[in-house]
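*Asks:* Please read through the structure below; I'll follow up with questions.
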Amino acid sequence: MWVYMGKPFKWVSCGKFGCWAITSGGLAYFRVGVTGSNHGGDSWVNTGGSFKQLDTGVRGEVYAVDDAGQVYTREGVTENLPYGTKWSKFGNMLFSHVSVGEKSVVAAASNGYDYWLDIP
């Protein structure tokens, strides 16, 4: 059975440390309190920033795209602080979408070209 999680989201992505979401207004949130016995978690933490899309990967990396197409990454993400400490602009290229894989990030540019980036 589907369970309502308390906010109207337009984007959701789950990775190594938990689930991230973007509201219809563009705010980025992280779901805290998710455990093996509490699958829905306890609450959402507003992590700041304003984005149209984000993705998180199996190693915990988080990348997001704002309305202008600029890419940001979430710094300080660890098992003990799964929502990290701050958003930092990443590069100068403009994209419409990012997807985080195990060892790389793939991004779609507005000009129709796709790009990839190795994650160390």
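The values are calculated or read from the model by the stated rules, or taken from the named source; none is laboratory data. Bear in mind the structure is a predicted one, so any value in this text is a computation, not a measurement. In this analysis, Cβ positions are derived from the backbone assuming ideal geometry, glycine residues included, and neighbour counts consider all displayed protein chains.
*Asks:* Could you run through segment 76-103 and say how many residues are within 17 Å of Ser13 (Cα to Cα) and either under 13 Å from the mean Cα position of the chain (by Cα) or in a strand (DSSP E or B) (or both)?
*Replies:* 10
*Asks:* Additional query: Give me the pairs, please: first residue somewhere in segment 41-58 and at positive phi, second residue anywhere and aromatic (Phe, Trp, Tyr) and not in a loop (DSSP other than H, G, I, E, B), beta-carbon distance under 9 Å, and either six or more positions apart or on two chains.
*Replies:* Gly48/Trp87; Gly49/Tyr72; Gly49/Trp87
*Asks:* I've got another one for you. Within segment 57-66, does at least one residue satisfy the condition of being assigned to a loop (DSSP other than H, G, I, E, B), out of contact with any Gly (no Cβ under 7 Å at 6 or more places or on another chain) and modelled with pLDDT of 95 or more?
*Replies:* yes
*Asks:* Quick check on segment 74-99: of everything there that is modelled with pLDDT of 95 or more and in contact with a Leu (Cβ under 9 Å, 6 or more places away or on another chain), which residue is nearest to Trp44 (Cα to Cα)?
*Replies:* Arg74
Yes or no, residue by residue, for (1) free of Cβ contacts under 8 Å to residues at least 12 places away in the same chain; (2) crowded, with 19+ Cβ neighbours inside 10 Å; (3) assigned to a strand (DSSP E or B):
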residue: Gly6; (1), (2), (3): no, no, no
residue: Cys14; (1), (2), (3): no, no, yes
residue: Asn38; (1), (2), (3): yes, no, no
residue: Ala68; (1), (2), (3): no, no, no
residue: Thr73; (1), (2), (3): no, yes, yes
residue: Val105; (1), (2), (3): no, yes, yes
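The rows are residues; the columns are (1) under 11 Å from the mean Cα position of the chain (by Cα); (2) more than 19 Å from Glu79 (Cα to Cα); (3) surrounded by 13 or more Cβ atoms within 10 Å (Cβ to Cβ); (4) among the basic types (Lys, Arg).
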residue	(1), (2), (3), (4)
Gly18	yes, no, yes, no
Thr35	no, no, no, no
Thr47	yes, no, yes, no
Ser50	no, yes, yes, no
Asp55	yes, no, yes, no
